[in-house]
Amino acid sequence: MMNFSDLGLSEKVLAAVQSAGYEKPTPIQEQAIPHVLARRDVLGVAQTGTGKTASFTLPMLSLLESGRARARMPRTLILEPTRELAAQVEQSFVVYGQNHRLTVSLLIGGVSFAEQLKKLDRGADVLIATPGRLLDHFERGKLLLTGVETFVVDEADRMLDMGFIPDIERICQLLPFTRQTVFFSATMPKEIQRLADQFLHNPVKVEVSPAASTAKTITQRLISSGSKPWDKRAVLRSLINDAKDLTNAIIFCNRKRDVATVCRSLSKHGFSAGALHGDMDQTSRMATLDGFKKNEITLLVASDVAARGLDIPSVSHVFNFDLPTHAEDYVHRIGRTGRAGRSGSAVSIATKADKKYIDAIEALTGDTIEWLGEKDFTSRSSDNDDQEQEKPRRSRRTRGKARTDSAKSTDHQQPKAETAPKPATASKSEPVQQQESGRKPGAARTERPDNNMRNNRNRSKDRGERQIIGMGDHVPAFLLQPIRPTKGKAENSNGTD
Ligand code: ADP
Ligand code: MG
């Protein structure tokens, strides 16, 4: 068993690590740090939550102790796929650089330009950026990348999912040839391998436990549902209400508009819920994450992109509102629970159309996932749980049908939200009632956690999506794709820059 002091890190860094309370390096840190310190190119692959951030920040701090930054010429550059991840890495430099006097500059969307520019002008030792924002600055001539000594691409697989590969290729070409290049990724898809082959010179590959394995401490289940959003929302509510020992949970949705809708629906039903997706401004994302960490928010509704790599505390439950279309995302999602040997529970809502995804997940993980209850994929029609959101979709005919059907449906015993809201007072929902107990959801409108993401951008997006609804429920996938990414799979939520 190695200690941090065996890795070659400087005294200042070791002192900071000690005062921050890390005792031992994680396996990826143990293997990667000496090579980064030796200025080798490194390709690091390790699952989410294994401590990849410190694998590059600690040695970078040591290396930065010699030399000085010049105006507009950052000495090191770290690319992150999302603003949160960039902010977290900045935080890591604050904590581990407490004994250094380094300038760390952040170039991300949603944060004031002026402040960022001031730091860059003075000369940044460390520049942390999202690819789009970095290129914006570069094109305006505010930045020179010819002084970069170390270049880090973090969460490379997520960069790929978000369509950032062309941006990264462009950025690589703006950097000096003699730089050190470090890639970190949770998985190694072939496009990332290709990028690494192109831009890393004689790299050391360090790899820790493949991302295809799920922890044995996680109980995995599937539950069948009709395919309509309200079917799934009703199933989700019953899952939450029936969950044993639920202390907190993350609910994953594939699309950001569903993140918003599910969060609103849960709040309306008296649950303590917050949303995290790529279209929210930085401040509200941070506020939501903070609320979740402090246990003020029990249920975090999130998209993969928003949640990837985030330092979210371990949760007791993970619910997949949608099965992920990439099997690897399933592994990452459920890995949010059952950490450090504790038990966790992951339940995925499955519709009839999800069979191919389930097959892919089972093939990847080698696990057979059991079903909760009988498989029943029939739609129950709407129970009017979210009249506000569903209104544009619903014809008078469906609404009439909803009344008759809901009488037989077990999941729909709850009265309509707008006439007789159900406060979360049932003993089962104990964890979620602290916040909302006894309060009528309707009356809490202005305090709803998702309220702050109703910014203009979001609203106009919603409008755009509503217009699509005229084509029926099955919106062609290309219409759901964000505009920015030029290549790659971008059906998941996006919107970092
Ligand atoms: P990754 O990028 O691999 O997903 P992070 O770097 O975000 O993971 O680290 C995940 C969590 O582990 C963070 O809360 C971090 O503070 C913690 N951590 C990292 N290294 C150590 C260590 N050596 N000892 C204890 N905790 C650590
Ligand atoms: Mg990370």
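The values are calculated or read from the model by the stated rules, or taken from the named source; none is laboratory data. Nothing here was measured: the structure is a model prediction, and the numbers come from that model. Cβ atoms come from the backbone with ideal geometry, glycine included; neighbour counts cover every protein chain shown. For accessibility, only protein heavy atoms count, side chains too; no ligands or nucleic acids. Shrake-Rupley method; radii C 1.70, N 1.55, O 1.52, S 1.80 Å.
Taking the stretch 267-288 only, how many residues are modelled with pLDDT under 85 and open to solvent by 10 Å² or more (accessible area, probe 1.4 Å)?
Of the residues in the stretch 267-288, 4 are modelled with pLDDT under 85 and open to solvent by 10 Å² or more (accessible area, probe 1.4 Å).
Condition check: modelled with pLDDT of 70 or more and open to solvent by less than 50 Å² (accessible area, probe 1.4 Å). Does S303 satisfy that?
Judged against the criteria, S303 is a match.
Across the stretch 61-78, which residue is least open to solvent (accessible area, probe 1.4 Å) among those that are hydrophobic (A, V, I, L, M, F, W, C) and modelled with pLDDT under 90?
A69
Restrict the check to the stretch 33-49 and report whether at least one residue is within 19 Å of H100 (Cα to Cα) and not hydrophobic (A, V, I, L, M, F, W, C).
Looking for residues that are within 19 Å of H100 (Cα to Cα) and not hydrophobic (A, V, I, L, M, F, W, C), one finds none in the stretch 33-49, hence no.
Looking only at the stretch 153-161, decide whether some residue is among the aliphatic types (A, V, I, L, M) and open to solvent by 20 Å² or more (accessible area, probe 1.4 Å).
no
Among the residues of the stretch 143-177, what is the count of those that are touching a Phe, Trp or Tyr at 6+ places or on another chain (Cβ under 8 Å) and within 15 Å of ligand 2 (Cβ to nearest atom)?
5
Looking only at the stretch 1-58, count every residue that is under 24 Å from the mean Cα position of the chain (by Cα), under 24 Å from D125 (Cα atoms) and of a type outside the set (A, V, I, L, M) and tell me the total.
Of the residues in the stretch 1-58, 8 are under 24 Å from the mean Cα position of the chain (by Cα), under 24 Å from D125 (Cα atoms) and of a type outside the set (A, V, I, L, M).
Of all residues in the stretch 31-52, count the ones that are modelled with pLDDT of 95 or more and either more than 12 Å from ligand 2 (Cβ to nearest atom) or open to solvent by 30 Å² or more (accessible area, probe 1.4 Å) (or both).
Of the residues in the stretch 31-52, the ones modelled with pLDDT of 95 or more are 31-44.
When the remaining residues are screened for being either more than 12 Å from ligand 2 (Cβ to nearest atom) or open to solvent by 30 Å² or more (accessible area, probe 1.4 Å) (or both), the result is 31-43.
Summing the residues that are modelled with pLDDT of 95 or more and either more than 12 Å from ligand 2 (Cβ to nearest atom) or open to solvent by 30 Å² or more (accessible area, probe 1.4 Å) (or both) in the stretch 31-52 gives 13.
Residues are listed down the side, and each one gets a yes or a no for (1) open to solvent by less than 10 Å² (accessible area, probe 1.4 Å); (2) free of Cβ contacts under 8 Å to residues at least 60 places away in the same chain:
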| site | (1), (2) |
| --- | --- |
| V104 | no, yes |
| I108 | yes, no |
| E115 | no, yes |
| A124 | yes, yes |
| G141 | no, yes |
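Rundown of residues vs (1) away from ligand 2 (no atom under 16 Å from the Cβ); (2) touching a His at 6+ places or on another chain (Cβ under 6 Å); (3) open to solvent by less than 70 Å² (accessible area, probe 1.4 Å); (4) at pLDDT 90 or above, yes/no style:
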site	(1), (2), (3), (4)
R308	no, no, yes, no
V318	yes, no, yes, yes
D322	yes, no, yes, yes
D329	no, no, yes, no
S348	yes, no, yes, yes
I358	yes, no, yes, yes
E362	yes, no, yes, yes
K391	yes, no, no, no
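Checking the condition of a type in the set (G, A, S) and part of a helix (DSSP H, G or I), which residue from A360, A346 passes?
Just one listed residue meets the conditions, A360.
On the given criteria, is R264 surrounded by fewer than 24 Cβ atoms within 10 Å (Cβ to Cβ), part of a helix (DSSP H, G or I), modelled with pLDDT of 95 or more and charged (D, E, K, R)?
yes
Hey, among S66, S92, S10, S105, which residue is away from ligand 1 (no atom under 16 Å from the Cβ) and closer than 23 Å to R285 by Cβ?
Only one candidate qualifies: S105.
Among what's in the stretch 179-202 and is touching a His at 6+ places or on another chain (Cβ under 9 Å) and part of a loop (DSSP other than H, G, I, E, B), pick the residue that is nearest to ligand 2 (Cβ to nearest atom).
Among those that are touching a His at 6+ places or on another chain (Cβ under 9 Å) and part of a loop (DSSP other than H, G, I, E, B), it is A186.
Could you grab me the full set of residues in the stretch 1-25 that are open to solvent by less than 40 Å² (accessible area, probe 1.4 Å) and over 21 Å from A86 (Cα atoms)?
Our first condition is that a residue be open to solvent by less than 40 Å² (accessible area, probe 1.4 Å); within the stretch 1-25, this holds for 4, 7, 9-10, 13-14, 16-17, 25.
Correct list: F4, L7, L9, S10, L14, P25.
Can you find a residue in the stretch 211-226 that is among the aliphatic types (A, V, I, L, M), assigned to a helix (DSSP H, G or I) and either within 16 Å of ligand 2 (Cβ to nearest atom) or within 19 Å of P81 (Cα to Cα) (or both)?
Taking the stretch 211-226 as the starting set, the residues that turn out to be among the aliphatic types (A, V, I, L, M) are 211-212, 215, 218, 222-223.
When the remaining residues are screened for being assigned to a helix (DSSP H, G or I), the result is none.
Looking for residues that are among the aliphatic types (A, V, I, L, M), assigned to a helix (DSSP H, G or I) and either within 16 Å of ligand 2 (Cβ to nearest atom) or within 19 Å of P81 (Cα to Cα) (or both), one finds none in the stretch 211-226, hence no.
Of the residues E90, E84, E65, which is among the charged types (D, E, K, R), under 27 Å from T146 (Cβ atoms) and touching a strand residue (DSSP E or B) at 6+ places or on another chain (Cβ under 9 Å)?
E90 is the lone residue from the list that is among the charged types (D, E, K, R), under 27 Å from T146 (Cβ atoms) and touching a strand residue (DSSP E or B) at 6+ places or on another chain (Cβ under 9 Å).
Taking the stretch 310-359, which residues are of a type in the set (A, V, I, L, M) and at positive phi?
A340
Run down D154, D161 and say which single residue is within 16 Å of ligand 1 (Cβ to nearest atom) and modelled with pLDDT under 90.
D161
Looking at the stretch 331-346 only, could you name the residues that are open to solvent by less than 10 Å² (accessible area, probe 1.4 Å) and among the hydrophobic types (A, V, I, L, M, F, W, C)?
Those that are open to solvent by less than 10 Å² (accessible area, probe 1.4 Å) and among the hydrophobic types (A, V, I, L, M, F, W, C): V331, I334, A346.
Could you figure out which of (1) touching a Leu at 6+ places or on another chain (Cβ under 8 Å); (2) aliphatic (A, V, I, L, M); (3) more than 16 Å from ligand 1 (Cβ to nearest atom) isn't true of L79?
(3)
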